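Worksheet: the structure to be examined is printed underneath.
Read-outs: derived from the displayed coordinates by stated rules, not from any lab. Since this is a predicted model, take the numbers as computed values, not measurements. Positions of Cβ are generated from backbone atoms using ideal geometry, with glycine treated the same way; all protein chains shown enter the neighbour counts.
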Ligand SMILES: NC(=O)c1ccc[n+]([C@@H]2O[C@H](COP(=O)([O-])OP(=O)(O)OC[C@H]3O[C@@H](n4cnc5c(N)ncnc54)[C@H](O)[C@@H]3O)[C@@H](O)[C@H]2O)c1
């Protein structure tokens, strides 16, 4: 088990990719701090499921775009489970708004949730890890849209492309502290975020037709990639961005 004895924070774990990551982490031996902004049956069920696997799990409600909530997630993690080894910045939102209609508020909301949140939680996490004199690993979740244009995403796409630069730059400053930082760009993954695409036969076949493997991915398939990067198997990998997209970007 590649994450045996590790303690990990996963943000946005109430559903979708975050849930898939948390499930794989628990199966690979990790204890988990599960965050989401909305109290949901899903988050509590996931906590029970992980405890059923013999691992520890705590749930922490909080908005990752707020500094105080970010600090609270790590306060609870360190207090309830012990020094945290892995941070997965997964929480994110996507809205689809034509460029000419986009308002300052809509731009800011996406930037704060998808990008500022990752900067703040990386900083807070790294300060704590350095104070503990321990090694650690961070995986930031970006998007295929770092490299592919889809309509109505002039706010979302930059927020995700910037995750790549954030990852590379933090990895350069944190390497000497033994903290690795990598990024995963998911392609079309079957989650509530994109159910509107998959539920429309036309849209579904249009998008799936661009994917080499000819199907959407599953949240747990992103979880496996994140687990690899977070684990000691990737001990010499940092500052990288990996597309887990079934061959969409390359087609
Ligand atoms: N599904 C895809 O096809 C796809 C593709 C590329 C990238 N992504 C990225 O993967 C990540 C997960 O996406 P998903 O498809 O599972 O989405 P989702 O909407 O199904 O789940 C996202 C979860 O994050 C939570 N969340 C949202 N804002 C938050 C905040 N401020 N603080 C804490 N939690 C918050 C939501 O409540 C939700 O439970 C996102 O960053 C998304 O941009 C998804």
Under a plain spin-label model, where a point goes 7 Å from the Cα along Cα-to-Cβ, how far apart in nm are residue 224 and residue 66?
3.8 nm
Give the peptides 158-171, 124-137, 179-192 in descending order of average Cβ contacts within 10 Å, highest first.
179-192, 158-171, 124-137
Antiparallel bridge percentage (DSSP; both residues within segment 7-241; nearest 5):
0 percent
Find the Cα radius of gyration of segment 41-80, compare it with 2.2 N^0.38 Å by division, and give the number to two decimals.
1.28
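Given contacts defined as C-alpha pairs under 8 Å and at least six residues apart, what's the relative contact order of segment 128-251, whole-number percent? Before the final figure, lay out the partial values.
Working: 184 pairs, mean separation 40.7, N = 124.
Relative contact order, segment 128-251: 33 percent.
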With bins 10 Å wide starting at 0, give me the P(r) of segment 1-89 over every alpha carbon pair, in whole percents.
20, 58, 22, 1
By the C-alpha gyration tensor axes a ≥ b ≥ c (rounded if a/c is under 1.5, else prolate when a/b exceeds b/c, else oblate), the shape of segment 58-172 is prolate
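Give the value in nm², to one decimal: projected area of the alpha carbon convex hull of the chain, averaged over all directions. Kindly include the intermediate steps, with their values, before the conclusion.
Numbers: hull surface 52.0 nm².
Result: a mean projected hull area of 13.0 nm².
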Reported to two decimal places, what Rg/Rh ratio describes segment 71-112 when computed on Cα atoms with Rh from the Kirkwood expression?
1.24
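Do you know the relative contact order of segment 1-54, to the nearest whole percent, from alpha carbon pairs under 8 angstrom that are 6+ apart?
Details: 78 pairs, mean separation 21.2, N = 54.
39 percent.
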For a quick check, take a GNM of the chain with Cα springs below 10 Å and name the residue from 106, 118, 240 with the largest mean-square fluctuation.
106
Per-residue [θ]222 nm for the chain (sum of -39500 (n - 2.57) over DSSP H runs n ≥ 4, rounded to 500):
-12500 deg cm²/dmol
Can you tell me, using C-alpha contacts under 8 Å and at least 6 residues apart, the relative contact order of segment 1-156 as a whole percent?
23 percent
